[in-house]
Every structure is written in C-alpha cells, then in structure tokens.
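Enquirer: Have a look at this one.
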Amino acid sequence: MEELAILGEQYANIRTIKSYVGQLFDVAEAADFIEVNRIAKILRFVNSPKKKRLHDKRVAEGEALTADELIAWIDAARTDLESGKLSEEEYLLFVLTLNLGDRKSESYGLRWRYVDLENGYIYVMNALNKHKELGPTKGHKQTKIQVPDFIIALLKKWKEHQADQLASVGITNLDGEQFVFTYTDNRGHMNQPLHADFLNYRLNSMQKRHPALKHAYPHKLRHTYSTLALEGGATMEAISAALTHSDVATTRIYVNTPDIVNLTTNNMFAKRIAEARAKAEAKEKTSHLS
C-alpha cells in the first residue's frame with residue numbers, strides 16, 4: 001500500500017499500475033496461491049496525486065493556446081517542414097487536426113474514401129482506438145466538414161506522394177480503405193495505422209526543438225480551435241457542430257445523416273489567427289521605425 005502511494009506521487013498513470021496489481025492477485029486467487037484477493041479493496045484507496053497536480057496545472061495555465069501562441073506553433077511546424085525535421089505527412093497531420101478541431105483518433109482513422117478532394121469535404125466517420133482498430137467516433141456521430149482550400153491542396157499533394165512512397169516498396173493497388181496517415185513501426189512494418197501517441201510524440205519533439213513554444217498536446221489543439229473560433233465570432237452552435245459535440249442537441253447522436261459543417265467556423269478560427277499575426281507584425285514594424 002505504501003509503495004503504491006509512492007508510485008502515485010511519481011506516475012500519473014497509477015490507475016494502470018493498480019489494474020496490473022489487481023489482475024496479478026486475481027490470477028493468484030484463481031490458481032489457489034492465495035485464499036482470497038484482499039488487495040482489491042485496498043487498491044480503491046490508492047489515489048493519483050500526480051495526475052491531479054498535472055490536471056490542476058493545465059487548468060491554471062488554460063486548456064487553450066492563445067492566438068499568438070498558436071501562431072508560434074504554426075510557424076515552428078512550417079520551419080521544421082522546410083528543414084526536413086518534420087515530414088510532409090507529419091506536418092499535414094498537425095495542420096489537419098488543428099483545422100478540423102477533431103479528436104486525434106478521428107484524424108488517425110481517416111481513410112481516403114472519406115476525403116472528397118474535388119468538392120473540398122472530409123467525412124469524419126470513424127476513430128482509431130489505442131489497439132489500432134477502427135470504430136465509431138465518440139457519440140457515434142458522422143460529420144461532413146468543409147475544409148479550406150490550402151488543406152485540400154496539401155491533401156492532394158500528399159495522396160500522390162504517399163502512393164509513390166508505398167509503390168517504391170511494392171505496396172500498390174491502393175483503394176479507398178487506405179489510411180491517410182500511416183507509419184513504419186519499430187519492427188520495420190510499413191503502412192501501419194498510427195499508434196495512439198504518434199501526434200503527441202511529434203508535438204513533444206517540436207517543442208524540444210523550439211523551447212519557447214507553449215506546451216501543447218493534441219486535445220489542447222481541439223480546445224484552441226474552439227476558443228479562437230469563438231473569439232473570431234463563430235457561434236456556440238456552429239462550434240458545437242464543428243467539434244461533433246452533443247451538448248447543444250443530444251439527439252443528433254441518433255441522426256443517421258451527417259451533420260453539415262461549412263467553412264464559417266474555420267473562417268472565424270483563421271480570422272482570429274490573422275488578426276493576431278497582423279497585430280504582431282505591426283508592433284514589430286513600429287519598433288523598427290522607432
């Protein structure tokens with residue numbers, strides 16, 4: 001008990017450790033190594049102080065980046081792309097997840113059959129779970145999202161390059177079931193669905209290369225999208241639809257046809273970033289003149 005309490009101070013994922021310990025004693029009981037699993041009730045009293053501290057820190061710092069902080073991230077990503085430290089695919093994953101305001105699992109689960117390059121829409125139909133299995137999105141919602149032209153241009157370019165890369169190693173005859181984003185695992189297996197922390201690791205690497213960046217993680221990008229869109233003038237209803245939330249109308253979960261999200265919300269998001277960038281550039285210009 002004391003050792004678990006110490007681990008709770010050191011690890012935010014103490015819940016996983018508790019689960020392993022509980023399972024170990026369950027097996028011991030089933031194999032008659034012990035008469036009864038007395039640890040099960042004790043585990044309930046092992047708290048997660050580090051997890052709470054991290055949560056309190058996130059709340060204190062805010063769950064969203066400011067417009068200026070986000071601009072720094074966007075510029076850093078572009079710099080890393082141009083220097084080759086971020087691949088074309090990794091850059092697209094960052095930019096797409098940011099501009100869709102979706103969950104990373106939904107970006108991971110995106111397949112080409114749900115990318116309408118001709119008309120400029122992405123259909124968020126599935127999510128990829130931590131076991132790399134396709135399943136429904138949270139709330140079982142299906143959403144049709146109109147995306148900006150520059151995202152479509154990036155997607156068109158990546159689709160061609162992905163096909164060329166895979167063809168070079170003998171992977172051909174790609175169809176609509178091909179994932180937009182894949183990776184090569186540590187065993188050398190290519191074209192694998194992304195693992196759960198793929199985007200987290202890329203953001204962490206970017207932050208190490210650019211220490212001045214405000215700490216960010218995939219879900220914070222989602223909070224940032226909604227916050228800046230609201231600041232830019234989007235309505236709560238439009239943002240709720242863009243984020244595929246069910247708060248405004250829970251019954252939308254049961255609607256079989258996709259929700260329609262036009263460019264209004266993304267335009268408000270982009271508008272807020274543009275305002276902040278223009279303000280920063282004007283301030284820099286003024287300082288040079290003085």
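The values are calculated or read from the model by the stated rules, or taken from the named source; none is laboratory data. All values reported here derive from a predicted model rather than from experimental measurement. Here Cβ is always computed from backbone atoms with ideal geometry, including for glycine, and neighbour counts include all displayed protein chains.
Enquirer: Against the conditions (1) of a type in the set (Gly, Ala, Ser); (2) crowded, with 18+ Cβ neighbours inside 10 Å; (3) at pLDDT 95 or above, where does Gly135 fall short? Just the number, please.
Expert: That leaves (2) as the condition not met.
Enquirer: For the range 190-213, what are the residues that are in contact (Cβ under 8 Å) with a residue 12 or more places away in the chain and assigned to a loop (DSSP other than H, G, I, E, B)?
Expert: Met190, Asn191, Leu194, His195, Ala196, His210, Ala212, Leu213
Results for (1) under 24 Å from Gln162 (Cα atoms); (2) at pLDDT 95 or above; (3) touching a Leu at 6+ places or on another chain (Cβ under 8 Å); (4) not basic (Lys, Arg), shown as yes or no for each residue.
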site	(1), (2), (3), (4)
Lys52	no, no, no, no
Lys57	no, no, no, no
Glu63	no, no, no, yes
Val95	yes, yes, yes, yes
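Yes/no matrix, rows are residues, columns are (1) in contact (Cβ under 8 Å) with a residue 40 or more places away in the chain; (2) of a type in the set (A, V, I, L, M); (3) assigned by TED's automatic domain parsing to the domain that holds Ile74; (4) closer than 18 Å to Asn266 by Cα:
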| residue | (1), (2), (3), (4) |
| --- | --- |
| Asp102 | yes, no, yes, yes |
| Arg113 | yes, no, yes, no |
| Glu118 | no, no, yes, no |
| Leu128 | yes, yes, yes, no |
| His131 | no, no, yes, no |
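Enquirer: Write out, first by first residue and then by second, each pair whose Cβ atoms fall under 8 Å of each other, whose residues are 6+ apart or on separate chains, and whose first residue, in the range 151-172, is free of Cβ contacts under 8 Å to residues at least 60 places away in the same chain and farther than 20 Å from His189 by Cβ while the second is of a type in the set (Phe, Trp, Tyr) and not in a loop (DSSP other than H, G, I, E, B).
Expert: Every condition considered, the pairs that remain are Lys159/Trp112.
Enquirer: Could you list, in sequence order, the residues of the range 193-249 that are of a type in the set (Asp, Glu) and more than 17 Å from the chain's Cα centre (by Cα)?
Expert: Correct list: Glu231, Glu237, Asp247.
Enquirer: Wholly within the range 88-161, which strands (runs of 3 or more DSSP E) include no fewer than the required count, namely at least 1 residues that are under 20 Å from His223 (Cα atoms) and under 18 Å from the mean Cα position of the chain (by Cα)?
Expert: Here the list reads 121-124, 126-128, 143-146.
Enquirer: Something else about it: Limited to the range 122-132, what total is found for residues that are under 21 Å from Asp149 (Cα atoms) and surrounded by fewer than 19 Cβ atoms within 10 Å (Cβ to Cβ)?
Expert: 1
Enquirer: OK, next. Read through the list (1) surrounded by 18 or more Cβ atoms within 10 Å (Cβ to Cβ); (2) assigned to a helix (DSSP H, G or I); (3) at pLDDT 90 or above, then give the number of the only condition that Ala216 fails.
Expert: The one condition Ala216 does not meet is (2).
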